1. Test residue 56 against the criterion of being aliphatic (A, V, I, L, M), surrounded by fewer than 14 Cβ atoms within 10 Å (Cβ to Cβ) and at pLDDT below 90, and give yes or no.
2. With 132, 161, 143 as the choices, which residue is within 28 Å of residue 4 (Cα to Cα), over 19 Å from the mean Cα position of the chain (by Cα) and among the small types (Gly, Ala, Ser)?
3. Among the candidates 151, 199, single out the residue that is basic (Lys, Arg), over 18 Å from the mean Cα position of the chain (by Cα) and either surrounded by fewer than 17 Cβ atoms within 10 Å (Cβ to Cβ) or at pLDDT below 90 (or both).
Amino acid sequence: MDWNKSIANMINHMSLQSWPGVMIESLQALAHFDTWLIATYKQQFKPIVVHTSYQIESQKKIHRFLNKAYLLDPLFNAIENGLNDGLYRLRDLAPDQFNNTEQYKSCYSDFDLSDEIIFVTRLDNGVVFTISLGRTSKLGGISRVELNRLKSVQPILQAMSKQFWIAQSSQYVHDEQSRYSLEHAINTFGSNVLTPREKQITALILQGHSSKSISESLNISVGTIKVHRKSIYMKLDICRESELFSQFINHLHTLS
């Protein structure tokens, strides 16, 4: 199917629940990808899955991620910090050590993703509509040519996403559940032992920032960051970052 026919087909389905599947099929003509996840984010609510390629077993991991661990996700935090409409590579949104974090190991590595791009569209009422397209290692990274093709259709997808959500949002909003913010989760994590500065550094460690990145963000020396990290580990009675991540995820369960 040529691209003009694909656009016509997407327009025909734009107000129907079938649009996400039709849209994904159409995009395959512009770039090859083998995983996808369409989700919405909205202020005080947990993310909602609209459409995904992941099978039942993998969907359980996706829903565990969207229920708790999304608070540490690069895309979520970029959206919280005002990410504009556009097309982004996940690796460009992620902190410098994200691929070495327990968050990455527990939520990303099992999916064998070598590259992921995300269309971001801000809708009315604080809703952010995201279309994530992934490539596993067998396909390799997305080429510059493919990326440019996808960038060229971003305005079309943005307009269609808005119309789809206007027509179909009522089918999904029943899944909305209030959430807590990362700030609240961090402020109540180790609340009896960690200082405000240590909580701030803990949040950045959990998100995947290196000591160098944290020092640049907070404008303090790398040596000071290392002293704080040692103090955090001692106060929480842990020895490594994996234990910090586990304690934090367990803490999130207590907030439910």
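The values are calculated or read from the model by the stated rules, or taken from the named source; none is laboratory data. Predicted model, so just to flag it, every value in this text is computed and none were measured. Here the Cβ positions follow ideal geometry from the backbone for every residue, glycine too, while neighbour counts run over all protein chains shown.
1. Criteria met by residue 56.
2. After applying the criteria, what remains is 143.
3. The conditions single out 151.
Yes/no matrix, rows are residues, columns are (1) farther than 22 Å from residue 147 by Cα; (2) in a strand (DSSP E or B); (3) modelled with pLDDT under 95:
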position: 15; (1), (2), (3): yes, no, yes
position: 20; (1), (2), (3): no, no, no
position: 24; (1), (2), (3): no, no, no
position: 33; (1), (2), (3): no, no, yes
position: 39; (1), (2), (3): no, yes, yes
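Conditions tested, residue by residue: (1) over 20 Å from residue 188 (Cβ atoms); (2) in a helix (DSSP H, G or I); (3) at pLDDT 90 or above.
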residue	(1), (2), (3)
220	yes, no, yes
223	yes, yes, yes
232	no, yes, yes
242	yes, yes, no
251	no, yes, no
